[in-house]
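Below is one structure; the comments refer to it alone.
Just so it is clear, none of the values below were taken in a lab; they were calculated from the coordinates. Keep in mind that this is a model prediction, so the values were computed, not measured. Glycine gets a Cβ as well: all are built from the backbone with ideal geometry, and neighbour counts include every protein chain shown.
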Amino acid sequence: MILDSIAFERDDCLLFSGICLSLESGDVLQIEGPNGVGKTTLLRILSTALMPTAGKLLWQGSDVARHRQLYLQNLLFLGHLPGLKQSLSPTENLVWWRRIHRDHSPLKNEEILGSLGLCGYEDIPCYALSAGQQRRAVLARLLVTEAPLWILDEPFTAIDKQGVADLEALLIAHARRGGMAVLSTHQDLGIANVRRFPLVASAEAV
């Protein structure tokens, strides 16, 4: 994946510009910067939820703007909001997600949720779970997706020390399989060779 001179303007104010990055198989890239600098905006551009004001996003040499569906088939985006149906349980949410994404993983739902510390909570409606438990229910998708590119916005929010270790292990395993991950976090990652990109606001946005 290549970001070629990406810029984004909001309300006639340039948030950031001239962002050039490349991501290869096995890379884990951490987007750093203070709140409000545009980290979420940049990740939403990478997910195609937003279009850049200028510049191009390339996937396997092709312009994502022209081949969006092909690109979307290769990525998993987890935003900073839970993204769960609150009236459903973690199991029901995972079943729903696996069905619409046509997942072919042999892993069983109870195994997936149990491995993330949700044993005993699988069938409780999500509205009755803590923020950390809801985050774990969302992260379960990482165990079944076949997408080579993960885009994660503040994935460590609300999870405890064990949850942090579990997520770091998932990221390491994904990279070892040749996957790629881009994430924003203030967490000091325990991942060797993680790449860091400090996002700097445009002078117009300061």
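Any idea what diffusion coefficient the range 87-130 gets from Stokes-Einstein, in µm²/s, Kirkwood Rh on alpha carbon pairs, 10 °C, 1.306 mPa s? Answer, rounded: 148 µm²/s. Expressed to the nearest 5 percent, the antiparallel share of DSSP beta bridges inside the chain is 40 percent.
Two decimals is fine: what's Rg over Rh for the chain, C-alpha atoms, Kirkwood radius as Rh? It would help to have the intermediate numbers written out before the result.
Working: Rg = 17.3 Å, Rh = 17.8 Å.
With Rg and the Kirkwood Rh in hand, the quotient comes to 0.97.
In the range 102-169, what trypsin sites (Lys or Arg not before Pro) fall in a loop by DSSP, with at most 11 other Cβ atoms inside 10 Å?
On the way: sites: Arg102, Lys108, Arg135, Arg136, Arg141, Lys161; in loops: Arg102, Lys108.
Of the trypsin sites (Lys or Arg not before Pro), the ones in loops of the range 102-169 whose Cβ has at most 11 other Cβ atoms within 10 Å are Arg102, Lys108.
Student exercise: in the chain, how many lysine pairs 8 or more apart or on different chains have Cα atoms under 29 Å apart?
On the way: Lys39/Lys56; Lys39/Lys85; Lys39/Lys161; Lys85/Lys108; Lys85/Lys161; Lys108/Lys161.
Going through the chain pair by pair, I get 6.
Averaging Cα coordinates gives a centre for the range 148-190 and one for the range 51-101; these two points are 16 Å apart. Checking every one of the GluC sites (Glu not before Pro) in the range 131-206 against DSSP loop status and a limit of 14 other Cβ atoms within 10 Å picks out Glu146. Long hydrophobic helices in the chain: the complete DSSP H runs spanning 18 Å or more by Cα along their own axis with mean Kyte-Doolittle hydropathy of at least -1.0 are 161-176. Near the amide H of Leu76, within less than 5 Å, lie the amide hydrogens of Leu149, Trp150, Ile151, all on another chain or at least 5 residues away, with H placed in the peptide plane.
Based on a Kirkwood Rh over C-alpha pairs, give the Stokes-Einstein translational diffusion coefficient of the range 78-175 at 37 °C and viscosity 0.692 mPa s in µm²/s. Show your work: numbers first, answer last.
On the way: Rh = 13.4 Å.
In µm²/s, the coefficient is 244.
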